[in-house]
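What follows is a single structure, written as structure tokens, with notes after it.
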Amino acid sequence: MVYRNNNLKKEVSNEVPAYPFAVDVPSFPERKYLVGIYRFARITYIALFIAMIFCIITIFRAFSLKVSPRFIKWNNLENRFQYVNFSYDKKPSSPQKDISFSEYLNEYFVTTYISKKFSISENAIENYNNWCNCNDKKATKMGMLYLDQECYLCFYSTSQIYSTFTNNLQNAYNTMFETGITRTVDIIDINMISGYNSDPTLSMIEWFLNKTKPIIISRTYRVDFIVNEFKDKKLSSKDVLIAYIEISGNKAIPQLRTVVSESYMFNPNYDLILKDYTEEANAK
């Protein structure tokens, strides 16, 4: 019998014999092989059981995860790639984005302002209400929500912006109206690109007298829109424009906003956007 101390001659020892000699019986020489197979099988079963548990956990985890891939698409309006989240397990409840009430009013004002600035109506009174000078006039309490407000552009833009309009566009618009040219505006998209709220600080005296200062908000929007021009009620041309409009006003009075900065440019993807917009309109 072989012992761990490798002393083959010593028959008596306190050492425990090493496998397979611990089960090596001369009358049953196959015993050591059977024990080895048994131990190997036991280890194998334990390993398979652990692997099976991991497989079950992996499968359960895979089916419990929601499939929500992110696609990349080309944005024709902004001339760049962007991510688009999509979920297979549910249908979007609404195609509209969720925005606050005050933010909705801001977007409403910006799109209304652009429409009134670039539109030419068949009605001379409507054109006058949009373009006239607001000196010695008073705005209604509804503010920008009152669409029939006289001198809309004058009331809701700075004096410098309104002067630029009267010097560069108003005379041309009057001439176009007199020759039977009208215009309409289609808003394609609007997105806020920057914004901030003022943080007014109070002096010790103002704080002691419990006075408050208004919080002034500022928002800048990018608007993609189409100007449709008609001659004698027949469509003669379309222009695709991009506007960058900055508005400002008292946060506590959401119906009063003022355009403090504006810039416009032709969209470089003119043909592609018109094609997509026309196809979408026909589909509806």
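The values are calculated or read from the model by the stated rules, or taken from the named source; none is laboratory data. Predicted model, so just to flag it, every value in this text is computed and none were measured. Virtual Cβ from ideal backbone geometry, glycine too; neighbours counted across all protein chains shown. Heavy atoms of the whole protein, side chains included, go into the accessibility calculation; ligands, DNA and RNA do not. Shrake-Rupley method; radii C 1.70, N 1.55, O 1.52, S 1.80 Å.
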Inset, instruction - Pull up segment 135-146, narrow it to residues that are closer than 23 Å to residue 247 by Cα and either hydroxyl-bearing (Ser, Thr, Tyr) or surrounded by fewer than 18 Cβ atoms within 10 Å (Cβ to Cβ) (or both), then point me to the one that is modelled with the lowest pLDDT. - result: 141
Inset, instruction - Restrict the check to segment 114-133 and report whether at least one residue is surrounded by fewer than 18 Cβ atoms within 10 Å (Cβ to Cβ) and at pLDDT below 90. - result: no
Inset, instruction - For segment 136-179, name all the residues that are more than 16 Å from residue 126 (Cα to Cα) and among the aromatic types (Phe, Trp, Tyr). - result: 156, 162, 165
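Each row is one residue, and each column tells you yes or no for (1) farther than 30 Å from residue 273 by Cβ; (2) touching an Asp or Glu at 6+ places or on another chain (Cβ under 9 Å); (3) among the acidic types (Asp, Glu).
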residue: 113; (1), (2), (3): no, yes, no
residue: 169; (1), (2), (3): no, no, no
residue: 185; (1), (2), (3): no, no, no
residue: 190; (1), (2), (3): no, yes, no
residue: 197; (1), (2), (3): yes, no, no
residue: 225; (1), (2), (3): no, yes, no
Inset, instruction - Check segment 153-176 and report whether any residue there is open to solvent by 50 Å² or more (accessible area, probe 1.4 Å) and assigned to a loop (DSSP other than H, G, I, E, B). - result: no
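Can you tell me which residues in segment 215-267 are among the β-branched types (Val, Ile, Thr), open to solvent by 40 Å² or more (accessible area, probe 1.4 Å) and in contact (Cβ under 8 Å) with a residue 60 or more places away in the chain? Outline the logic, then answer.
Of all residues in segment 215-267, those among the β-branched types (Val, Ile, Thr) come to 215-217, 220, 223, 226-227, 240, 242, 245, 247, 253, 258-260.
Filter again for open to solvent by 40 Å² or more (accessible area, probe 1.4 Å), leaving 215-216, 253, 258, 260.
Residues satisfying the conditions are 253, 258, 260.
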